[in-house]
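Working notes for the structure below.
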Amino acid sequence: MKKIMTLTAFSLLIAAGVSAQTVYDAANITSKDLNGTARFVGMGGAMGALGGDISTIGSNPAGIGIYRSNDIMTTFGLSAYGTESVFSGNKFNSDKMRGSFDNIGVVFSSKIGNQTSLRYVNFGFNYKRAKSFNRNMEMGGNIGAYSQSFQMAAQADGIDKPMWDNGNRYTNRDIGWLSALGYDGYLINPQITTDKTDFPYLDKDGKPILDKDGNPQYVNYKFYQSIAGNNTDLNYRSEERGGIDQYDFNISFNLNDRVYLGATVGAYSVNYNKYTYHKEMFGDDQGYNLQSWNKINGSGFDIKLGMIIRPFEFSPLRIGLAVHTPTFYSLELATNARIETDVWDQEAGKILPHDIDTYKELNNKDMIREFNLRTPWTYNVSLGYTVGKSLALGAEYEYQNYSKSKFLDPQGYAGAFEYENSTMPMLKGVNTFRIGAEYKVIPQFALRAGYNHSSAAFHSNAFKDLPINSIQTDTDFANSQSKNNYTLGVGYRGSLFYADLAYKYATYKEEFFPFVNTYADNNQTVVETPNATIVTNTRSQVLLTLGIRF
């Protein structure tokens, strides 16, 4: 069990205007994979100061200034994704293999001359698969006295009967979907009292419901209770698909073969799909399953500026500096959910099923929410060194402060997302280190190796803090730890044609939680979760780049 105390009970009191996104959406879209040409990946991406590869267009744009000839290349990949989850001794494995088109690019190199400081002006374009969302995950077991339905009840607190009955509750911006599904599925009920100042407790026909002594009962809509008990069995699975495509347009300059400057305008296309299945059984043949479908689509852009300098004229040392503006995304969320419950019906004296589908409730439509996301600035510094014509060494450091991400409405204002943005401090600065080496056994044949490490984006006490009017029903979240990429590569260079092959093994662990249960205690929000599911994610990727330099 995980228990967190936050400073105030803010999350129980404040509702946001749009309420469709969380810090986990921001981090998911902000982070990128190590991907690109096989040479770039084979060296762990540590080529910001070395340059001379199309993939540096997205890390240090000045790297394109190293080119002295034209270049056309493309890259294909094959990936094996693996997910292992362990909860209370139960182990689940999900594996998937998928092919990919990872890169295509072109560089046009224009020699200006040797008599002026400006030696070359180069232009480049590159497409690459910046992020893959492909993943399956499953877990399950007994979670004891915890239930997602407690989160439904907490979200419903304060919603009275007139509010429930005021039109379609799934289009009411003051009512969260979790609470509505729990209420319609009879998983949660307002607190029963004997206080005559509360609302009368009526059946579906409007008749008073009496207690065992024949006295009328009343309900307090300030507090809701779940039908779950102390023995809950959970089965959960999810499927994620899609990716982020990156299109970079570059111009770069070579000054005296010692200073290289570059600028890149990047365009991004986001396509993310997530399906979750969450089933709970309460040990008395009562239970439910909740299915959620979420799609995020949209586009974004950024600007990257870079410089490479050779500080000593007769030294092969290169120093690279780059800065990336935030990526400005314009996105759209489409979501729907369905809950199927089996609960005790007091009047019928038996368990009856209930089925609520938001897609049908909205006249066979998804709920659509538009929003903007601004990612943090990126700062990059790199070193490159060559030993003769046989050995090239690269090292790189990059920093992004994820807590500076921000949600905005389509008009560019953050006011509607005041609550969501107030939770951004659950994210932190991410440090990325890259090292790589290339050794030419002979001028035409090279061996490569690299390592890439990124620190965790989440604080250990981060959780998915849904506002009370959120339309999100996938309550699960995972706090990922540091990510590591290990790479190897080989390459062939002919007079015109070249080919590179790389292998990447990426791995990271995370603590997964299917939901949180929150309650207020002395003006503090207490956050409790079941024991963490330890998830190990791996990806083995083979990349093949084919190109022509002329």
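Surface composition of region 158-216: carbon plus sulfur atoms contribute 48% of the solvent-accessible area (1.4 Å probe, protein chains only, all chains present). Across all Cα pairs in region 276-420, the calculated P(r) in 5 Å bins from zero up to the longest distance comes to 2, 7, 10, 10, 10, 9, 9, 8, 8, 7, 6, 4, 4, 3, 2, 1, 1, 0, 0 percent per bin. The residues of region 182-324 expose, per residue, 49 Å² of accessible area to a 1.4 Å probe. Please report how far the C-alpha centroid of region 401-442 lies from that of region 43-82, rounded to the nearest whole angstrom. Value for the Cα centre distance between the two parts: 22 Å. With 15 Å as the cut-off, how large is the P(r) tail for region 488-550, expressed as percent of Cα-Cα pairs? Percentage above 15 Å: 71. Based on protein heavy atoms only, region 28-155 ends up with 33 Å² per residue of surface accessible to a 1.4 Å probe.
Compute the FRET efficiency between residue 526 and residue 69 as 1/(1 + (r/R0)^6), taking r as their Cβ-Cβ distance and R0 = 45 Å, and round to the nearest 0.05. FRET efficiency, residue 526 to residue 69: 0.10.
Relative to the present Cα-Cα distance, how much length would full extension add between residue 354 and residue 404 at 0.36 nm per residue of separation?
That pair, residue 354 and residue 404, stretches by 13.7 nm at full extension.
Computed from the Cα positions only, the extents of region 163-214 along the three principal axes stand at 39, 21, 20 Å, in decreasing order.
Panel values: region 409-467, Kirkwood radius from alpha carbon pairs, Stokes-Einstein at 25 °C and 0.890 mPa s, translational diffusion coefficient 156 µm²/s.
In this simple spin-label model, placing a label point 7 Å from the Cα along the Cα-to-Cβ direction at both residue 256 and residue 414 gives a separation of 4.3 nm.
Relative to the compact-globule estimate of 2.2 N^0.38 Å, the Cα radius of gyration of region 96-183 comes out at 2.37.
Between residue 507 and residue 299, the contour length at 0.36 nm per residue exceeds the Cα-Cα span by 72.1 nm. PRE reach from residue 312 (point 7 Å along Cα→Cβ): which of region 384-424 fall under 18 Å by backbone N? Residues 384-389, 391-395 qualify, since their backbone N sits under 18 Å from the label point.
Alpha carbon centre of region 316-368 versus region 465-544: separation in Å? Rounded to whole Å, the Cα centres lie 19 Å apart.
Label sites at residue 445 and residue 482, each approximated as a point 7 angstrom past Cα along Cα to Cβ, lie 3.6 nm apart. Calculated FRET efficiency, residue 460 to residue 323, Cβ-Cβ distance, R0 = 30 Å: about 0.50 to the nearest 0.05.
Considering every Cα-Cα pair within region 108-253, what fraction, in whole percent, is farther apart than 27 Å?
55 percent
Using a probe radius of 1.4 angstrom, the carbon and sulfur fraction of the accessible surface of region 291-436 is 57%.
With a simple spin-label model that places each label point 7 Å from the Cα along the Cα-to-Cβ direction, the separation between residue 433 and residue 269 comes to 3.7 nm. Here are labelled values, (i) 102, 46, 43; (ii) 180, 71, 35; (iii) 76, 62, 38, and one is the computed Cα extents along the principal axes in Å for what I pasted. Which one? Answer by label: (i).
At 1.4 Å probe radius, can you tell me the per residue accessible area of region 492-550 in Å²?
That works out to 43 Å² for each residue.
The values are calculated or read from the model by the stated rules, or taken from the named source; none is laboratory data. Keep in mind that what you see is a predicted model, and the values were worked out from it rather than measured. Neighbour counts are summed over all protein chains in view; Cβ atoms, including those assigned to glycine, are modelled from backbone coordinates with ideal geometry. Note: accessible area is taken over every heavy atom of the protein model, side chains too, but ligands, DNA and RNA are not part of it. Shrake-Rupley method; radii C 1.70, N 1.55, O 1.52, S 1.80 Å.
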